[in-house]
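The structure that follows is given in the form of structure tokens.
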Amino acid sequence: MSSASLAAPILRSLKIKTGAVKRLVREREVYILELDKQRERIETLRNKEGVEGADIRKQNEVLEETLQMIPYMERRIREAMQDLENLVIASKKDDTLVVPELCDADEAIASAKQALPDTKEAKQVLPDTKEAKQVLPDTKEAKQALPDTKEAKQALPDTKEAKHAAGSLA
């Protein structure tokens, strides 16, 4: 068989697997948005007068179902991403196969890796939520939040804790 006839099935698989990874990442993002909306919905119900406990419990059940979907989606993303990575590696071994689909696949893999939590803390507090940003700041944000020693000494009040904090930055 010629390399052209072998390339067609590989290209098709690349397109399908890339699309699957992108779709799964988007679905996970939708669940996270739904999680935030559901939390707001529950809070609104709790603050309203005359709302029955059964209504709040039902909304909490919906919240729990949404929470359960996120790890499920993450597992599916990991599986799809692994399949795509394996296909990309196999495709790159064939030097004659250089196509835009490989670039799309690499972008989808990078997007999936960025969307997936990689620490226990991140798994406990879902990424892309207010709570996660407070608990696990992005590296750039964390570096910006920690002033250098001079700035820290100027900004912090003259207390034992401030001197200790400034000393630990040095």
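The values are calculated or read from the model by the stated rules, or taken from the named source; none is laboratory data. What you are looking at is a predicted structure, and each value in this text was computed from that prediction instead of being measured. A quick note on method: Cβ atoms are made from the backbone with ideal geometry, for glycine too, and the neighbour counts reach across all protein chains shown. Keep in mind that these areas ignore ligands, DNA and RNA; they rest on the heavy atoms of the full protein, side chains included. Shrake-Rupley method; radii C 1.70, N 1.55, O 1.52, S 1.80 Å.
Is it the case that some residue within the stretch 57-70 is in contact with a helix residue (DSSP H, G or I) (Cβ under 8 Å, 6 or more places away or on another chain), at pLDDT 90 or above and of a type in the set (D, E, K, R)?
No, every residue in the stretch 57-70 fails to be in contact with a helix residue (DSSP H, G or I) (Cβ under 8 Å, 6 or more places away or on another chain), at pLDDT 90 or above and of a type in the set (D, E, K, R).
Evaluate the stretch 36-47: report whether one residue or more is within 15 Å of the chain's Cα centre (by Cα) and open to solvent by less than 100 Å² (accessible area, probe 1.4 Å).
Applying the first criterion (within 15 Å of the chain's Cα centre (by Cα)) to the stretch 36-47 yields 36.
Applying the additional criterion that residues be open to solvent by less than 100 Å² (accessible area, probe 1.4 Å) yields 36.
Yes: the stretch 36-47 contains one or more residues that are within 15 Å of the chain's Cα centre (by Cα) and open to solvent by less than 100 Å² (accessible area, probe 1.4 Å).
Restricting attention to the stretch 85-115, which residues are of a type in the set (S, T, N, Q) and modelled with pLDDT under 85? Spell out the reasoning first.
Within the stretch 85-115, the subset of a type in the set (S, T, N, Q) is 86, 91, 96, 111, 114.
Listed by number, the residues that qualify are Ser91, Thr96.
Same structure again: Condition first: outside any helix (DSSP H, G or I) and of a type outside the set (Val, Ile, Thr). Can you find one or more residues in the stretch 9-28 that meet it?
No, the stretch 9-28 contains no residue that is outside any helix (DSSP H, G or I) and of a type outside the set (Val, Ile, Thr).
Let me ask another. Name the pairs: first residue in the stretch 12-37 and free of Cβ contacts under 8 Å to residues at least 60 places away in the same chain and farther than 29 Å from Ser91 by Cα, second residue part of a helix (DSSP H, G or I) and open to solvent by less than 80 Å² (accessible area, probe 1.4 Å), Cβ to Cβ under 8 Å, at least 6 apart or on different chains?
Tyr31/Thr66; Tyr31/Met69; Tyr31/Ile70; Tyr31/Met73; Glu34/Thr66
Within the stretch 51-90, which residues are open to solvent by 90 Å² or more (accessible area, probe 1.4 Å) and in a helix (DSSP H, G or I)?
Within the stretch 51-90, Arg57, Lys58, Glu61, Glu64, Glu65, Gln68, Arg75, Glu79, Ile89 meet the criteria.
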